[in-house]
Each structure stands twice: as structure tokens, then as C-alpha cells.
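Let me begin by presenting the structure, written as C-alpha cells, before commenting on it.
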Amino acid sequence: MRRVKFLTVAFGLAAVLCLTAGLAFHSYAAGRSTPLVAAAADLTMGKAQLQSASRLAFGPDGILFVGDSAGASIVALDTNDRTAGSAAKMDVSGINAKIASLLGTSADQILINDVKVNPISKNAYLAVSRGRGPDAAAVIVRVDGKGQLSALSLDNVKHSSVSLVDVPTAASGNGGNARTQTITDIAFLNGNVLVAGLSNEEWSSALRSIPFPFSQAAKGATIQIWHASHGDFETQAPVRTFVPYMIQNQPYILAAYTCTPLVKIAVSDLKPGAQVKGTTIADLGAGNRPLDMVPYQKGGHNYILIANSSNGIQKLQADNLEAYKPITSPTVMDTGGVPFEKIGELKGVMHLARLDDSNALVLMGTNDSLDLKSIALP
Amino acid sequence: MLKIRLALAAVALLSGVTAAAQVVALHLENGAFKIVGWKVGPAEPPQGWPSVFRVYSGAGDVPPLLGTYSVEAGSLVFHPRFPLAPGVPYRAVFSPPGGKSIEAIFDGPRQETTPTTKVVHVYPSADVLPSNTLKLYLYFSAPMSRGEAWQRIHLLDDNGKPLQFEFVEIQQELWDARNTRLTVLFDPGRIKRGVLPEMQMGPPIVEGKHYTLVIDRQWKDARGVPLAEGFRKSFRGGPADRTPPNPETWRMIAPKAATAGDLIVEFPKPMDYALLQRMLGVSAGHGNVAGAVSVGREETQWRFTPREPWKAGAYQLTIDTALEDLCGNHIGQAFDLDKFQQITRSIESKTISMPFEVR
């Protein structure tokens, strides 16, 4: 048998990897360039084990971090996609049907779990599940500025991974363990991958900070996140989605909890074993779940665009976030919180990602037909 | 363009399309698509094999399937990257250089249609649930499909009207690894005291009111087949429980030596079914004791059956302090901590133990 051509587009395949240890790169986190030491030399060529692709985040030099909930790991993939591109208009209608054909199935068997844009090439990367059952395949689909689709080769790619599995406690019983940890969001910030997760069993909150390059000896420090209400009660609060953000030249994360408030947490507080209490700066409404957040600047002002499960797209005024008094009582919510407005014309947005300084990328539509398109940041 | 629809493993005979007047046939064999009767040239065309032979699984402007090409016994073969999916039609298009394109449609493996999957249990089992109940566990008899849970689960009030925003509709859905158990969280914002959703909407369950959990029959299992039957569970709202579980209130019934009888632990209130499977254990001086766990009496009883008969002597029940009741209160700590009570927050779960004697 003569194998003629490997059709799967392999970004990492047969490419001359230009990364070397010591190559300087810049962090895109928090809108600030921080010199770091390149880590791609620590990635190894081979088959990347990816059981699921839940959430994505870009690190430096085209390295894509994939949160794998089923595999309980974070996988770093070298996309080998380092050619600078300008943000083109992107408009791919029926992207779920297109991905379905690429992967040889029907559109109803395609789940798009996350969308992110490579800040260098401006190509979009989608975390895709081919199938809906426990044996579904995880695929990373790339969409270029012309709307052409390809799949990142996982068979032969520079990669590394870190397990999120903790050592079982002594009282681990004998009744079997069906516990899983769903990765609700990841981000790369100052040389660390931040991972927020939610257990399908115990109510807990663990934000993990994992140094990159990965080392099995350092799975990262777990930080407990708490949420206080009007001073009387506090709970552990699983983080739903978060984004790095600079306030008064200090790095923060803005985090949306599973139970609605938007809080700010100083990155300097994220120390191993710490119990961190976020400061509530807005409440985005009951019965609602923030999905993605994109900070941007326009006309000399700072904003954060927030995609929500039921409250549509919200535009948060994000100048001088330090100046707002923390919300300490629901009764002052209308006057105490950071102001935001609803962007009514965008409905059915499921994912939102930054495309460039002026544009965002949205995945929107109904379950039957999804479109990937760029929008001007409002 | 010629177009022929065929069943799985069928052959499309497309006569008169080659210069040599040889019969050209498109085959689907063992999950690979093959052109028979067309002489493959000595080299791949400049535009690549996809310019000659492509397979699609959808209509309109869609890209061809990912896969690899090979030449086997003189025939061009396309191997899809992923196995063919049940119930999906595949369109193979052969575009001979300089000739007319021809295509054939093949069906993928047969789609199963017999509904067999059921909801086997919903925990908590009790028919009175605290108003601040945090979780439900839905157990299915076979793996389920992701992505439609929030359309298929409803909580009705005593007038049969669906409640609004009672659950955290987590997009990823909190399944176990086999997709046979789904964890459903009530909105913690409506359980925790003093936050906006709780102030605006109150708790999802109200003490004294009656509710019905409804699971739609239309929910598809992992084969894409709906459930064999829907599921309903009725319950009444009980008082809120904000008291951490206290092992000192548990009752232990020790087994007899030289028997394989159960160690029985009884709780004064129901505990979290899933956590009971793994957060209680038995140890002796030589380490953990192997055995099987069962949970009964509406999650107020935990039983441990040892693999080997008990030996007379001292044992310990080991307890992970992360063990929760139905309301997210865990040992030593309520779900929402009243700061004025000055309870020390535990940084991480710990293991405590309670001794018992086997005689």
C-alpha cells in the first residue's frame, strides 16, 4: 500500500520550529507586554493525548493551551502559526455544518466548546467535540481569514501537558469514583496558566495557577476563592469565566462566579494555599451566566464586552475600576456597581473572543445553524 | 453529473467515464472510499488527490472530509480521518482530469432506533427536600448525549408550571466520565443568603410547596436515540438546612468478628449520595480495609461489606471532611458561612476517624 498524502493539515508537521530556548516573547495577558522566556523548546513532538477540548487560551508564540476536562489536564500545543496576520473580516455562516463535513459527521453531532483567536496570526481556533457521547473525539479546528477550515494535527505536534488530578485522600472509600472536574475557563498570565474548575460532586472552588513550561512536579497551587455578600455570609465560589485586566498598573483578574457577581481579584493575592475573597464590582443579573469577556479600549476609554447566557451582550464601562466602591449589599446594586449597557442587536451569542483592537469574533445562532463572524467592538 | 444513491458497502457503477471505456465504480468498503476501474497516474496531480476525489458529509458549501489517500492494487482509496457516523449520508465525488465529475451517495452505518435507555434513579431519594438543596444526581442506564440537558430537565410547581432559573445551566454539563450520571446544581445564588438572586427571586424550593422534577423522553442517549420513557419525581419542600454534618451524631453498628457482615453507619439526615461512595472508608492498623459500599434508606445509611471476614480488633471509620449533606454543608462548615459565628474555615479537606471495635 502506498500512502500518498496526509491530508489532515498539520500545523506542526514537518515544520522547522523556530522556537529556541531563550527566545524572548511577550505576554498578551492584561494588555501588557512582559518579557518571558520561551518554553516551546520544552514541548516534545509526538501524539498529544486530548480526551476533550473544553476551553482554550493562547499563550506566547502561538502556543495554544487546551483545557481537557475529560482528561483532567491542560495540554499545550504548538500551533506553529506564527506568521503575523491582520485582522480580516470573518464571516463563516453555518460553521457547524462545515465542521461536520470536515469531520465526517452530521451538524447535530458537533459541539463547539470554545473560540479563541491567535493574537499573532488572527486565525480563529475552535475547541470542537465530534460526537456527543462519552467517546466523542476532541478536535481543534482552525479558521483562517478567508474562512478556510482545517484541523490541527494531534498525531504529530509539539506539545506538553500537566495533569490536574490530585492525590486521593486517605478516606477514598471503596464505592468507586465518578468525580470529574469540569474546566470552566483558562487564561495565560505572566508565565502561568490559570485554571478555574467545577466539580461534579463536592461544592468547592479551586483556581489553579500552573507555571509554564509544565513540570509534573508542579501541578500548580490551588487557591480557594470565596464570595461574601453583604458582610454576613460567605461561600466558596467556583469561577465561571475570567479575564486578566490591569487596574492602576496592577494585574487583576475579573472573574464571574457561578452565582452571578463580577468580581476583581488582585493577581498578587493568588498565592499557593491562599483563601481569596473577590471584591464585587457588578452584578450582571439573576438567572444569568456570563460566558466570555473581552476587554478593549475605544475613544480613550476602557470597556469589557461580556457575552451572557440569557442577558445577551453587555458592555461594561471599565475606566478606573479602582474607584468603584465594592458592592456589599444587593439593595445598592443599582447605584454601587460598575455601569453597563446592553447591546441589543447581538442575540444568541454563544462565544465571544477578541479578534484585534477594534473587532471581536462571535459564535452565534441557534443550535441548528451557527455562524462565526467578526463584529466591530461597540 | 451522474448521481447515484447507495447503501453501505454498495458499489456505484459509473460506466463510460474513462478514456479506455473501462467501467468505473465507486466503492465503500470497510469505511474507506475507493475508485475502481480508473487507472491512477504515476504521480499525484499537481492540485493533490482532493482535486480528483473528495467525500462530503453535508450539502452546500462545505469542505470535504479529512483523511488520507493511498493507492491500493491500482485503485485510489480515501480513508476518512474518523469512522463513518451512523445515519449520515456521504457524498463521494470523482473528478477525473479532463472528464465530467460524477458522484455517488453512500449511507453510513445503520442508525439504531430502538429506545432502551432509562433514568434509573434520581438522588436525593427522599420525597421531602430542604429548601436549600444544592444538587441532584440523575443516573441513566446507558451513556447519554451532551448538549441538550437544559432543554430536557424541568422543575414544575404544584400548578404544573415550570420554574425559571432554578438550576445553574452549565454549558459544559457536569457528567461523569461515562455520561451516565449528570449532576444538576440548583442556582447557588438563590441558596446563599444575602446575594441579589436570593433577594430578588428567593430560593428555588419553598418549604411546604410541592414540586415535580420532569425529565423528557425526547432526551437522546449517546446513540442518538430518545429515552425509552420519561421520568417524574415528586417532592415537597422542607425547611432549610444550614447545619454542618456532625459525625458525633452518627450511629455505628459494628459487625461481628469472623463474619463478612456489614459495618453500618446511620446518619440523622440524608447525605450526598455520590460523596458517600468515596469519602467514607475503613482502616485498621495495617491500612485500608477492602470492601464494597452501599447506600440506603434515602441516603441516611452507609454500609460497608468487607472483602475478607472481619478479624477481632480495633478499626476506624475514616471520614473526609469534605463530605456534604444535601445542602452543600460539609463537616465542620456550613454552605454559606455566617461570619459572625466565627467558624474557622478549613483550607483543604482533611481526614478524621471514628474508632470501632470488632468482637
> For the stretch B:214-229, which residues satisfy the criterion of being in a loop (DSSP other than H, G, I, E, B), crowded, with 19+ Cβ neighbours inside 10 Å and in contact with a Gly (Cβ under 8 Å, 6 or more places away or on another chain)?
Replying inline: B:Ala222, B:Arg223, B:Gly224
>> What's the total number of residues in the stretch B:45-63 that are in contact (Cβ under 8 Å) with a residue 24 or more places away in the chain and more than 22 Å from B:Arg110 (Cβ to Cβ)?
In response: 6
>> Please pick out the residue among A:Leu361, A:Leu316, A:Leu352, A:Leu305 that is modelled with pLDDT of 80 or more, within 14 Å of chain B (Cβ to nearest Cβ), surrounded by 20 or more Cβ atoms within 10 Å (Cβ to Cβ) and not in a loop (DSSP other than H, G, I, E, B).
In response: A:Leu352
>> Suppose we keep only residues that are away from chain A (no Cβ under 12 Å) and not in a strand (DSSP E or B) within the stretch B:274-290. Which one would you say is modelled with the lowest pLDDT?
In response: B:His286
> Do we have any residue at all in the stretch B:266-273 that's assigned to a helix (DSSP H, G or I), within 12 Å of chain A (Cβ to nearest Cβ) and aromatic (Phe, Trp, Tyr)?
Replying inline: yes
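So that you can scan it fast, the table gives a plain yes or no per residue for (1) in the same structural domain as B:Gly87 (by TED's automatic domain parsing); (2) of a type in the set (Ser, Thr, Tyr); (3) more than 24 Å from the chain's Cα centre (by Cα):
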| position | (1), (2), (3) |
| --- | --- |
| B:Tyr137 | no, yes, no |
| B:Glu148 | no, no, no |
| B:Leu156 | no, no, no |
| B:Phe167 | no, no, no |
| B:Phe186 | no, no, no |
| B:Gly202 | no, no, yes |
| B:Glu207 | no, no, yes |
> How many residues, within the stretch B:103-162, are over 26 Å from B:Gln277 (Cβ atoms) and among the basic types (Lys, Arg)?
Replying inline: 2
>> With the requirement that a residue be modelled with pLDDT of 95 or more and assigned to a loop (DSSP other than H, G, I, E, B), what does the stretch B:69-85 give you?
In response: B:Arg81, B:Phe82, B:Pro83, B:Leu84, B:Ala85
> When the stretch B:230-263 is examined, which residues are found to be part of a strand (DSSP E or B) and exposed (fewer than 14 other Cβ atoms within 10 Å of the Cβ)?
Replying inline: B:Arg232, B:Ser234, B:Arg251, B:Ile253
>> Looking at the structure I just gave you, is A:Leu164 more than 10 Å from every other protein chain (Cβ to nearest Cβ), out of contact with any Leu (no Cβ under 8 Å at 6 or more places or on another chain), under 26 Å from A:Phe214 (Cα atoms) and of a type outside the set (Val, Ile, Thr)?
In response: yes
> If you scan the stretch A:85-103, which residues turn out to be surrounded by 24 or more Cβ atoms within 10 Å (Cβ to Cβ), in contact (Cβ under 8 Å) with a residue 24 or more places away in the chain and facing another protein chain (nearest Cβ under 9 Å)?
Replying inline: A:Lys98, A:Ile99, A:Leu102, A:Leu103
>> Which numbered condition in (1) touching a Gly at 6+ places or on another chain (Cβ under 6 Å); (2) modelled with pLDDT of 95 or more; (3) in a loop (DSSP other than H, G, I, E, B) is the only one that B:Val293 fails?
In response: (3)
> If you take the residues in the stretch B:296-325 that are assigned to a strand (DSSP E or B) and of a type in the set (Val, Ile, Thr), which one is farthest from the other protein chains (Cβ to nearest Cβ)?
Replying inline: B:Thr305
> Restricting the first residue to the stretch B:72-83 and requiring it to be at the interface with chain A (Cβ under 8 Å from one of its Cβ atoms), which pairs with a second residue that is among the polar types (S, T, N, Q) and surrounded by 14 or more Cβ atoms within 10 Å (Cβ to Cβ) meet a Cβ separation below 6 Å and a spacing of at least six or different chains?
Replying inline: B:Arg81/A:Thr8
> Of the numbered conditions (1) at pLDDT 95 or above; (2) crowded, with 21+ Cβ neighbours inside 10 Å; (3) touching a helix residue (DSSP H, G or I) at 6+ places or on another chain (Cβ under 8 Å), B:Asn179 satisfies every one except a single condition; which is it?
Replying inline: (3)
>> Given the options A:Gly145, A:Gly104, A:Gly85, A:Gly67, name the one that is outside any strand (DSSP E or B) and either farther than 26 Å from A:Phe188 by Cβ or under 20 Å from the mean Cα position of the chain (by Cα) (or both).
In response: A:Gly104
> Based on what the data block shows, is A:Ser172 hydroxyl-bearing (Ser, Thr, Tyr) and at pLDDT 65 or above?
Replying inline: no
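The values are calculated or read from the model by the stated rules, or taken from the named source; none is laboratory data. Please read these numbers as outputs of a predicted model, since none were measured by experiment. In this analysis, Cβ positions are derived from the backbone assuming ideal geometry, glycine residues included, and neighbour counts consider all displayed protein chains.
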